[in-house]
Structure formats: structure tokens, C-alpha cells
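Below: one structure, written as C-alpha cells.
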Amino acid sequence: MNLFELNEKIFFFLNQKIANPFLDNFVLFVLIPLFSLLVLVPIYFLLKGKKFLAIYSLFCGFFLYWFGHAILKPIFHIPRPLALFENVRIIGPWHESPYSFPSTTTMLAFGLALPIFLKERKIGIFLLILAFLVGFSVIYCGFHTPLDVLAGILFSLIFIFFFEKILKLRLPPKS
């Protein structure tokens, strides 16, 4: 089995085999509203005086979203699962652009969560769990494949890693 066959197999497992009305409602009415915490936590840090962390997290999340949507998706031109496969279940209020790879929703989630995870572990772990649930949700709802989500995570990790290196070179050490 090659990578693309595995991608399709995992997609249909998550999109159809485990699908049920309870999970549909849980994703739509619990998880999706909960994802707003990925933006609300940095705003909370901003209000609590942790301005750098808040701005850093918000910048990374929204920059990665823009970069994926404006630069990467037009380069790769990989269509959404609905165009790739037959019998895809679509649920939820997701915005649909023509291209799927990488998942910019996942890039946004990890871009918001990773900077906080690196500085504030306890809340960061919670945000990373939410970010992984974002990835699960976009596959379950039929808008992305597992490869789209994994690429979104990978692009986010690479960006945050390099941005962290630049920050360590630029910022004076804490005394």
C-alpha cells in the first residue's frame, strides 16, 4: 500500500466508518465552538500583560493561515476530498476553497498553540490537544485528508522552529 492509498484508507475510516449522529453533533456543537479558545487564550494573555506571548502566538497562527492559503495551496493545487474521492460525507460550516493541501485550518490551530506550548506548558498542552482535534475535525467533516492535516502540522512546526531560532538570536537572554 502506498502513501496515497493509506491516505484514502485513513480518510474513509475517519470520515465514514466511525461516523455517527453523536459524533457529528459533538464535532459541530462542542468541538468547533471550543476551537475559539485557540484565539481567546492569546487574547487573555494580552489582557494579563503577557503581550509578547500573545502577539507571538496570534502572529504565528494568522501568518501560517495566510501563507498556506495564499502561497502553498496555489502551488500544490491539490483538490479537496470531495473532488478526489467518491461518497465523501460533508458536515459542518467549513469555508470551502478549491484546494485542500495543506490544511490551513490546521496550520492556524498549531500556529496559535505551539508558541504558547513552548512558553506556558500547562495551557499549551491543552491548546495542542485542541489543535489535534481541529485536524481530526476537518478530516471527519470531509474537508481535508490526513496528508493535508499532517502537512499543516509539519509546516507549522517548521515555521515555529525557525522563528524560535531567530527570536533566540535577536532577543537578549532573560536575567
note = Restricted to the range 57-69 and to residues being buried (at least 20 other Cβ atoms within 10 Å of the Cβ) and in contact (Cβ under 8 Å) with a residue 60 or more places away in the chain, the residue farthest from Asn20 (Cα to Cα) is Cys60
key: Residues located in the range 70-98, provided they are surrounded by 18 or more Cβ atoms within 10 Å (Cβ to Cβ) and within 28 Å of Phe117 (Cβ to Cβ)   = Leu72, Lys73
message = Can you say whether Leu147 is at pLDDT 95 or above, out of contact with any Gly (no Cβ under 7 Å at 6 or more places or on another chain) and of a type in the set (A, V, I, L, M, F, W, C), as far as the supplied structure shows?
response = yes
ask   = Could we say that Phe52 is surrounded by 12 or more Cβ atoms within 10 Å (Cβ to Cβ), within 21 Å of Gly152 (Cα to Cα) and among the aromatic types (Phe, Trp, Tyr) here?
value = no
note = If we ask which residues in the range 1-49 are aromatic (Phe, Trp, Tyr), in a helix (DSSP H, G or I) and within 24 Å of Phe126 (Cβ to Cβ), their number turns out to be 5
remark   = If we ask which residues in the range 50-86 are under 16 Å from Ser137 (Cβ atoms) and not in a helix (DSSP H, G or I), their number turns out to be 1
task = Test each condition in (1) over 18 Å from Gly61 (Cα atoms); (2) in contact (Cβ under 8 Å) with a residue 60 or more places away in the chain for Glu86 and report the one that comes out false.
result = (2)
Residues satisfying the stated conditions in the range 145-172, i.e. over 19 Å from the mean Cα position of the chain (by Cα), farther than 16 Å from Leu118 by Cα and part of a helix (DSSP H, G or I) = Leu169, Arg170
query = So which residues in the range 124-166 are within 19 Å of Ile55 (Cα to Cα), touching a residue at least 24 places away in the same chain (Cβ under 8 Å), surrounded by fewer than 20 Cβ atoms within 10 Å (Cβ to Cβ) and of a type outside the set (Phe, Trp, Tyr), if there are any at all?
reply = Leu157, Glu164
key: Among (1) closer than 18 Å to Gly92 by Cα; (2) polar (S, T, N, Q); (3) touching a residue at least 12 places away in the same chain (Cβ under 8 Å) - the single one Asn7 does not satisfy   = (1)
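The values are calculated or read from the model by the stated rules, or taken from the named source; none is laboratory data. Source: prediction; values computed, not measured. All Cβ positions, glycine included, derive from the backbone under ideal geometry; neighbour counts span all protein chains shown.
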